[in-house]
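Taking it in order: structure first as structure tokens, then the write-up.
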Amino acid sequence: MGNFYKKYRAILDSDIIHVRRPDARDIDIILHVNPLLQQKGLAAVFNPLTKPVKKSFTLPLYYTGLTHTAKIHEQEGPSKTYKLDRAYNVTLSVEMKPQSMTWFVIE
């Protein structure tokens, strides 16, 4: 986990948006944002449940400074370009094992 923090330190130390309140009933999503960095955002997603989850969720990218498109990749995977809607949101899908975590980097 130390390498993760070193690699993403600048965005992790930036402002936080709680996309979904942690209530242990569904996935929790925290979005770090900073329009001044190359990595404009990092969404951390946690599944606190004891069962697998397959969901879609909306990320509000207004505070990333992106206006038309966003390149997003899950963990160290390949990036995919998403078109932002009129409210600067994108919808992502995730499949997670029980009590696991993943993250999405937004550029």
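Points to keep in mind about this one:
- Equivalent ellipsoid dimensions for region 67-107 as semi-axes, Å, which come from the Cα gyration tensor, largest first: 22, 12, 7
- The chain, relative contact order [Cα under 8 Å, separation at least 6], %: 27
- Over 25 Å between alpha carbons, listed pairs Lys54/Lys83; Lys7/Lys80; Lys6/Lys54; Lys6/Lys51; Lys7/Lys54: Lys6/Lys54; Lys6/Lys51; Lys7/Lys54
- Estimated at the nearest 10 Å², the accessible area of Tyr63 is 140 Å² with a 1.4 Å probe.
- Rg and Dmax of the chain, based on Cα coordinates, read 13.3, 38 Å.
- Computed from Cα atoms, the angle from the helix 2-12 axis to the main principal axis of the chain rounds to 50 degrees.
- Helix-only [θ]222 nm of the chain, DSSP H runs n ≥ 4, -39500 (n - 2.57) each, per residue, nearest 500: -3000 deg cm²/dmol
- 10 Å binning of all Cα-Cα separations within region 6-58, expressed as whole percents from 0 upward: 24, 45, 26, 5
The values are calculated or read from the model by the stated rules, or taken from the named source; none is laboratory data. What you see is a predicted model, and the numbers here were worked out from it, not measured in a lab. With ligands, DNA and RNA removed, areas are computed over all heavy atoms of the protein, side chains included. Shrake-Rupley method; radii C 1.70, N 1.55, O 1.52, S 1.80 Å.
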